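This report refers to the structure that appears directly beneath it.
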Amino acid sequence: EVGLSEPIHVPLFRVFVKKMTRITVDLIRKKSEHNDGILENLEEISLHQLNIQRIEVLGSCCKHLKILYLQNNLIPKIENLRKMKELVYLNLALNNVKLIEDLQSCESLEKLDLTINFIPIKNLEKSIDGLQNNHRLKQLFLSGNPCCEFKGYRKFVVGSLPWLESLDGKKISKSERILASQDLLTIKS
């Protein structure tokens, strides 16, 4: 449950601390009222703005999930999604993610939104390597991450993921793809 705890008294003003929310079967049932609370065939769920800190339970009880909204939470790590083979769209924008990981088994993934997270330049190569098995991935959003400040960021991502159709909402042209693949070795060094 999201709610306010007791106020913390600080001289001159009050601060309210929001409670952290855990993903539980009860929470998923509550948020899936449109599906009569039936989780076995649930295809879409929105768990945004709940102060969630960890992805849990979803992979074991919602194996047919196609769309998962987890934006605007406090999630630092992509985890526990291995069993979600039918997941097509994952939105983790506005979280605390530092590395793209644990998505290799999400073989149906077409759209991944990690806008405004904390993926640094030092984790860019490992993050993109973590998407090498996601050949259906067509749209990737990384804008607002520190790694985007790297001069060769776009060329590196486009050259590393040749099946990608758009990056940060901008379509990848055939000529851009060719140039990026040609420059990939130079960018990596």
task = Give the residue that is nearest to E110 (Cα to Cα), with candidates limited to residues of the range 18-46 that are aliphatic (A, V, I, L, M) and buried (at least 17 other Cβ atoms within 10 Å of the Cβ).
result = I45
ask   = Looking only at residues in the range 117-137 that are surrounded by fewer than 18 Cβ atoms within 10 Å (Cβ to Cβ) and within 13 Å of the chain's Cα centre (by Cα), which one is farthest from L94 (Cα to Cα)?
value = G130
request  = For the range 91-116, name all the residues that are under 9 Å from the mean Cα position of the chain (by Cα) and either within 16 Å of H135 (Cβ to Cβ) or of a type outside the set (A, V, I, L, M, F, W, C) (or both).
outcome  = N91, N95, I100, L112, D113, T115
inquiry  = Restricting to the range 78-109, name every residue that is surrounded by 20 or more Cβ atoms within 10 Å (Cβ to Cβ) and under 17 Å from E56 (Cβ atoms).
reply    = I78, L81, M84, L87, L90, L92, N95, V97, L103, C106
request  = Name every residue in the range 47-77 that is in a loop (DSSP other than H, G, I, E, B), closer than 13 Å to I28 by Cα and open to solvent by less than 40 Å² (accessible area, probe 1.4 Å), in order of residue number.
outcome  = L47, L50, I55, E56, C62, L65, L70
remark   = Within the range 165-180, of all residues that are more than 16 Å from the chain's Cα centre (by Cα), surrounded by 17 or more Cβ atoms within 10 Å (Cβ to Cβ) and not basic (K, R), the one nearest to N96 (Cα to Cα) is I172
inquiry  = Based on this model, can you work out whether Q71 counts as closer than 18 Å to F118 by Cα and of a type outside the set (F, W, Y)?
reply    = yes
message = Among the residues in the range 108-123, are any touching a helix residue (DSSP H, G or I) at 6+ places or on another chain (Cβ under 8 Å), farther than 16 Å from S160 by Cβ and modelled with pLDDT of 95 or more?
response = yes
N73 being of a type in the set (S, T, N, Q) and at pLDDT below 85 = no
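The values are calculated or read from the model by the stated rules, or taken from the named source; none is laboratory data. Since this is a predicted model, take the numbers as computed values, not measurements. When we count neighbours, we look across all protein chains shown, and the Cβ atoms used for this are built from the backbone with ideal geometry, even at glycine. Protein only, heavy atoms only, side chains kept; ligands, DNA and RNA dropped before computing areas. Shrake-Rupley method; radii C 1.70, N 1.55, O 1.52, S 1.80 Å.
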